[in-house]
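Every number in this text was worked out from the coordinates using simple rules, so none of it is lab data. Owing to the predicted nature of the structure, the values given are computational and were not obtained by experimental measurement. Neighbour counts are summed over all protein chains in view; Cβ atoms, including those assigned to glycine, are modelled from backbone coordinates with ideal geometry.
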Amino acid sequence: MNFAKQCRRYGLGLWQCPSFLVIIIGLITISAMLAIYFIANKYSQEPEIAALIISGVTALLMIIGYFIIQGFNRLAEVSQMKSEFVSVASHQLRTPLSSMKWSLDLLLSGRFNDSEAQRLEQLKMLKENNQRMIDLVNDLLDVSRIEQGKMGLKPEEIDLPELIEGLIKEYASLAKASNVNLSFESENNLPKILSDPKRIRLVVGNLMDNAIRYISGRGWVKIILKKQNHSLRCEIE
């Protein structure tokens with residue numbers, strides 16, 4: 001019977017919480033039945049008044065029923081959002097794991113025995129992908145923000161060409177192993193954008209990852225960045 005606690009657990013307001021609304025509609029129904037009984041006895045010669053009161057009570061019950069349905073819809077939406085989040089996070093975990101696998105395979109193959117710079121580059125990529133995995137796991141542990149409808153975005157000024165160039169370096173090993181050539185075309189002197197760099201990396205990285213993985217045989221992936229009116233347009237072909 002602790003409605004406030006239940007509502008907080010589900011992340012719902014009191015008037016969106018089904019358990020609270022069910023009790024309210026039950027009390028109103030009982031009160032309405034008693035009221036109609038006494039009114040019908042008092043206005044037995046004026047059925048119009050009794051009918052008007054019954055209509056008003058019915059409308060009130062319909063409104064409360066609507067709020068109950070909205071509460072269940074909210075719970076269903078939260079459940080769907082959590083399922084989608086887990087699906088996206090699983091996909092995001094697969095990407096750095098795959099990149100780390102390719103880097104480790106290259107290091108163990110002995111192809112870089114004579115090149116300290118190349119070995120260090122692969123180790124740097126391993127470190128960056130390891131950090132990406134840590135960030136993703138932290139996101140999984142912070143699922144409660146989705147229940148509250150808060151994504152926790154942290155906008156800051158981003159140099160988008162620099163961000164994309166960093167992603168191209170990260171995906172270079174995967175692209176090479178998949179016989180895919182990565183290229184990047186960017187207009188000069190593009191302005192910085194205000195956005196969450198972590199989320200932008202996930203969006204662009206997802207598109208690049210999908211483009212590389214779903215090319216059968218040899219192919220290419222082209223990233224184009226240009227200014228369009230008051231926005232920057234990023235195309236991945």
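Brief remarks on what is shown
- Among the listed pairs 154/192; 101/154; 124/169; 5/154, those beyond 20 Å (Cα-Cα): 101/154; 5/154
- If you take all other residues with their beta carbon under 10 Å from the beta carbon of residue 98, and give Lys and Arg +1 and Asp and Glu -1, the sum is +2.
- Comparing 178, 195, 210 along the charge dipole axis of the stretch 166-210, the residue lying farthest to the positive side is 195, per the Cβ-charge model.
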